[in-house]
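The values are calculated or read from the model by the stated rules, or taken from the named source; none is laboratory data. If you're wondering where the values come from, they're calculated on a predicted model, not measured in any experiment. Note that each Cβ is placed from the backbone with ideal geometry, even for glycine, and that neighbours are counted across all protein chains shown.
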Amino acid sequence: MTAKEIQEFLFDETGLKTSVKKMTGSMKGYLKIWPIFQNGVYPNIPFEIANELKLKLKEFNHPNNPVFCSTMEIDVYGVVDDRIKYKKESKPKSREEMKVKEWGSKNSQMRLDKASARYAKKIARGDNCATYM
């Protein structure tokens, strides 16, 4: 089994996109496979799928280099690294991280944000209010 086959198995069984990383230090030779950020959270691998995958990876399970399978990640020693590169989702950013242009003080910006939200709700309901095109 290769890294690509493990990723395809996880995607087919659970719909989880995964990332692969070569480990260093005391874990040198291992490949780490874990789910990437998707649908607003970092998902876990279902317990049943992790157990099933551990049985499929029996050929890589040696006393000196065991396979580590958990709901968070899978570490396998000596697997061929032919990974699939999935498109990553971006995490939602706060106002400070987005570097949104602000006008005036923080207090006036909060009032402006609240007023904008009020007008957006009115437009969505179909109330009569000024709209700009």
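Check the stretch 82-101 and report whether any residue there is touching a residue at least 40 places away in the same chain (Cβ under 8 Å), assigned to a strand (DSSP E or B) and buried (at least 16 other Cβ atoms within 10 Å of the Cβ).
no
Say we look at the stretch 4-28 and pick out the residues that are surrounded by 13 or more Cβ atoms within 10 Å (Cβ to Cβ) and farther than 26 Å from residue 40 by Cα; which of these is nearest to the chain's Cα centre (by Cα)?
Among those residues, the one meeting the criterion is 23.
Does the stretch 17-27 include one or more residues that are in contact (Cβ under 8 Å) with a residue 60 or more places away in the chain, farther than 13 Å from residue 2 by Cα and in a loop (DSSP other than H, G, I, E, B)? Talk me through it step by step, then tell me what you get.
Of the stretch 17-27, the ones in contact (Cβ under 8 Å) with a residue 60 or more places away in the chain are 17-20.
From the residues that got through so far, the ones that are farther than 13 Å from residue 2 by Cα too are 17-19.
Still in the running and in a loop (DSSP other than H, G, I, E, B): 17.
Yes, the conditions are met somewhere in the stretch 17-27.
Does the stretch 61-73 contain at least one residue that is in contact (Cβ under 8 Å) with a residue 40 or more places away in the chain and outside any helix (DSSP H, G or I)?
Yes, the conditions are met somewhere in the stretch 61-73.
Mind listing whichever residues of the stretch 67-80 are farther than 21 Å from residue 35 by Cβ and either modelled with pLDDT of 90 or more or in contact with a strand residue (DSSP E or B) (Cβ under 6 Å, 6 or more places away or on another chain) (or both)?
none
Please enumerate the residues belonging to the stretch 62-79 that are over 20 Å from residue 17 (Cβ atoms) and touching a Lys or Arg at 6+ places or on another chain (Cβ under 8 Å).
The one that is over 20 Å from residue 17 (Cβ atoms) and touching a Lys or Arg at 6+ places or on another chain (Cβ under 8 Å): 67.
Looking only at the stretch 52-68, decide whether some residue is within 18 Å of the chain's Cα centre (by Cα) and assigned by TED's automatic domain parsing to the domain that holds residue 23.
No; the residues of the stretch 52-68 include none that is within 18 Å of the chain's Cα centre (by Cα) and assigned by TED's automatic domain parsing to the domain that holds residue 23.
Test residue 95 against the criterion of being more than 30 Å from residue 129 (Cβ to Cβ) and modelled with pLDDT under 90, and give yes or no.
So residue 95 fails the test.
Select from the stretch 98-121 the residues that are among the basic types (Lys, Arg) and modelled with pLDDT of 85 or more and write down the one among them that is nearest to residue 56 (Cα to Cα).
121
Among the residues of the stretch 44-54, how many are closer than 13 Å to residue 6 by Cβ and either touching a Cys at 6+ places or on another chain (Cβ under 8 Å) or part of a helix (DSSP H, G or I) (or both)?
Matching residues across the stretch 44-54 total 5.
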